[in-house]
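The values are calculated or read from the model by the stated rules, or taken from the named source; none is laboratory data. In this text the structure is predicted, and so the values were computed from the model without any measurement. So basically every Cβ, Gly included, is an ideal-geometry build from the backbone, and we count neighbours across all protein chains shown.
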Amino acid sequence: MTRAFNFGAGPGMLPAEVLAQVRDELIDLHGSGMSVMEMSHRGKDFMAIAQQSEADLRELLSIPANYKVLFLQGGAQGQFAAVPLNLLGDKRRADYINTGHWSKRAIAEAERFCKVNVAASSETSRFTTIPPQREWSLSADAAYVHYTPNETIGGVEFHWIPDVGDVALVADMSSTILSRPLDVRRFGVIYAGAQKNIGPSGVTVVIVREDLLDRVQADTPSIFNYRLQAEQGSMFNTPCTFAWYVAGLVLDWLKRKGGLAAMGEINKRKADKLYGCIDGSGGFYSNPVDPPCRSWMNVPFTLADSRLDEVFLKEAQAATLLQLKGHRAVGGMRASIYNAMPEEGVDTLVQFMQQFAHKNG
Ligand SMILES: Cc1ncc(COP(=O)(O)O)c(C=O)c1O
């Protein structure tokens, strides 16, 4: 059996070592006589998994003690609603930064619950850049400021953390969490769907500062109530046990790889190699994003001659380089190079792209 290099944006590639461990433990987890999917989430075996995964996430991200860590369901888009429901408190307005597809979706959902002030937007640049903070118009009475540190489709990424003073900063980190060290203290809430850089789909990680837990609206659905879920160890309802278990194995794998400082170095190198190939192709390939805002995780690129797109994808597939087709909203190609994509995968892609350009240029 060959493991291909899978450049899909999510669900994304998982580390082969983790999948092998899942296989080995599937039928009989730790001598329990059952799989993780069949055991009680409140039994000692699963509780140990839950506790260890939280401890590992805390260690990897150096999460301070005054933050709660939740493993919820409903995906990142569930959080698009959960954020206003939990954070508005007695305020009616929130600031959002619009840097692309996922920001827009977060804004549309928040508008169901509050007045949204789009404090900055890069729409006029077709989302190829990030508006500098000096151009933001933050409101005086916002309950929080929401942004999307990495736009998975457009491939733009903040390589800096906004400074919003005492207002709670909220980040949808679905496609960048755990890709490098992070100063969690700068945030009120961080959330992420797991299926890119944490584990399989089905689990959503929320990291929330304790003092924000009292702001929850009375009519918030219980499963989305951060305070209730924090009190109940993310087990108000039956959690997504299998996805949580696999996420735990990924966190353990990250620790063994040297943690986020080591991952950050590898991820930067991978991104540099791929952008280097695009920029050095003499115009055969191009990436539209302003270089300081280029994502380390999702690299969209187009071929100057789009008639070659189908051939490119077909030949890439034959070379076991999978899921390179760009999102339908932007076309072209996209290589997602999350933590689980080995550097060898990027090297193989670069080599393929160079040969393809040579042959067809
Ligand atoms: C940045 C970002 N936010 C939100 C989502 C939506 O995530 P989910 O499918 O978990 O709701 C995605 C998924 O692709 C994403 O990349």
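Some points to look at:
- Some residue of segment 301-315 being in contact (Cβ under 8 Å) with a residue 60 or more places away in the chain, closer than 28 Å to Val250 by Cβ and in contact with a Lys or Arg (Cβ under 8 Å, 6 or more places away or on another chain): no
- Subset of segment 30-46 [part of a helix (DSSP H, G or I) and in contact (Cβ under 8 Å) with a residue 60 or more places away in the chain]: Val36, Met37, Phe46
- Subset of segment 259-276 (residues that are in contact with an Asp or Glu (Cβ under 9 Å, 6 or more places away or on another chain) and surrounded by fewer than 22 Cβ atoms within 10 Å (Cβ to Cβ)): Gly259, Ile266, Arg269, Lys273
- Number of the exception - Gly100 against (1) crowded, with 20+ Cβ neighbours inside 10 Å; (2) of a type outside the set (Phe, Trp, Tyr); (3) away from the ligand (no atom under 16 Å from the Cβ): (3)
- Among residues that are modelled with pLDDT of 95 or more, more than 27 Å from Ile278 (Cα to Cα), within 16 Å of the ligand (Cβ to nearest atom) and over 22 Å from the mean Cα position of the chain (by Cα), Arg112 is included.
- Within segment 183-200, residues that are modelled with pLDDT under 95 reach no partner that is not basic (Lys, Arg) with beta carbons closer than 8 Å at six or more positions or on different chains.
- Pairs are defined by a Cβ separation below 8 Å, a sequence spacing of at least 6 or placement on different chains, a first member in segment 3-17 that is away from the ligand (no atom under 15 Å from the Cβ), and a second member that is of a type in the set (Val, Ile, Thr); the pairs so defined are Ala4/Thr320; Phe5/Thr320; Phe5/Thr348; Leu14/Val246; Leu14/Val250; Pro15/Val250.
- Residue among Ser281, Ser306, Ser295, Ser336 that is among the polar types (S, T, N, Q) and in contact with an Asp or Glu (Cβ under 6 Å, 6 or more places away or on another chain): Ser295
- Residue check, Glu157 of a type in the set (Asp, Glu), more than 11 Å from the chain's Cα centre (by Cα) and within 12 Å of the ligand (Cβ to nearest atom): yes
Yes/no matrix, rows are residues, columns are (1) touching a Pro at 6+ places or on another chain (Cβ under 8 Å); (2) small (Gly, Ala, Ser); (3) in a loop (DSSP other than H, G, I, E, B):
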residue	(1), (2), (3)
Asp56	no, no, no
Ile63	no, no, yes
Leu70	no, no, no
Gly78	no, yes, no
Asp95	no, no, no
Phe113	yes, no, yes
Ala120	yes, yes, no
Gly154	yes, yes, yes
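- Criterion (within 19 Å of the chain's Cα centre (by Cα), assigned by TED's automatic domain parsing to the domain that holds Ala218, surrounded by fewer than 19 Cβ atoms within 10 Å (Cβ to Cβ) and within 13 Å of the ligand (Cβ to nearest atom)) met by exactly one of Arg105, Arg58: Arg105
- Residues of segment 74-90 satisfying the condition of being more than 16 Å from the ligand (Cβ to nearest atom) and at positive phi: Gly89
- Gly199 being closer than 24 Å to Ile161 by Cα and not polar (S, T, N, Q): no
- Selection status of Arg126, away from the ligand (no atom under 16 Å from the Cβ) and more than 23 Å from the chain's Cα centre (by Cα): no
- Test for Arg307: is it in a helix (DSSP H, G or I), among the basic types (Lys, Arg), farther than 22 Å from Ala194 by Cβ and within 20 Å of the chain's Cα centre (by Cα): no
- Selection from segment 168-189 of residues that are touching a strand residue (DSSP E or B) at 6+ places or on another chain (Cβ under 6 Å) and away from the ligand (no atom under 13 Å from the Cβ): Ala168, Leu169, Phe187, Gly188, Val189
- Segment 8-50: number of residues that are out of contact with any helix residue (DSSP H, G or I) (no Cβ under 9 Å at 6 or more places or on another chain) and closer than 22 Å to Leu182 by Cβ: 3
- Segment 63-89, residues that are more than 18 Å from the chain's Cα centre (by Cα) and in contact (Cβ under 8 Å) with a residue 12 or more places away in the chain: Pro64, Asn66, Tyr67, Lys68, Pro84, Leu85, Asn86, Leu87, Leu88, Gly89
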